[in-house]
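See below for the structure under consideration.
The values are calculated or read from the model by the stated rules, or taken from the named source; none is laboratory data. These figures come from a predicted structure and were not determined experimentally. With ideal geometry, Cβ positions are generated from the backbone for all residues, glycine too; neighbour counts draw on all protein chains shown.
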Amino acid sequence: MDAQRVQEAKKRLVDASQTEKLPKWMPEHAGEQLIGELVARESGRSHDTEHLTFLTIKAHDGKKYSVLETSLIAKGIVSQKIEIGNGIALEYGGKIEGKTGRTYHKYTVVKV
């Protein structure tokens, strides 16, 4: 393994260890917002090995938050063409009942 790959691996390990310590943004009430810069988008697994993606967002006050990327958030990121380094705003819309009767957590995503 060459030195560059070793350095990249070390950086990713440091980043991963810092990500684990980030507070999670888990809104409870409709209207709660998180506005900042998208600094990372990383895959992970839950305790039952389910594939999950986590965002790291650096808020305007400098604090970083870990956000579970739901399917609605993922669709918003793709449709708004939000990339690492771009500004992002998330607004929690509360728990909504869908057309099938199933409830889900609604989010609005905007590129800032």
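Residues checked against (1) at pLDDT 70 or above; (2) part of a helix (DSSP H, G or I); (3) acidic (Asp, Glu); (4) loosely packed, with under 11 Cβ neighbours inside 10 Å:
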site: GLN7; (1), (2), (3), (4): no, yes, no, yes
site: GLN18; (1), (2), (3), (4): no, yes, no, no
site: MET26; (1), (2), (3), (4): yes, no, no, no
site: ILE35; (1), (2), (3), (4): yes, no, no, no
site: ALA40; (1), (2), (3), (4): yes, no, no, no
Pairs only if they're at least six apart or on different chains, beta carbon under 7 angstrom, first in region 95-112 and within 16 Å of LEU68 (Cα to Cα), second exposed (fewer than 13 other Cβ atoms within 10 Å of the Cβ); list them, first residue then second.
LYS95/THR103; TYR104/ILE96; TYR104/GLY98; HIS105/LYS95; LYS106/ILE96
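Can you spot a residue in region 43-55 that is in a strand (DSSP E or B), of a type in the set (Val, Ile, Thr) and at pLDDT below 95?
Quick first cut of region 43-55, residues in a strand (DSSP E or B) only: 43-45, 51-55.
Those still in the list that are of a type in the set (Val, Ile, Thr) too: 53.
Then keep just the ones that are at pLDDT below 95; that gives 53.
Checked region 43-55: at least one residue is in a strand (DSSP E or B), of a type in the set (Val, Ile, Thr) and at pLDDT below 95.
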Lone qualifier among LYS64, LYS58 - being in contact with a Lys or Arg (Cβ under 7 Å, 6 or more places away or on another chain) and without any contact (Cβ under 8 Å) to a residue 40 or more places away in the chain
LYS58
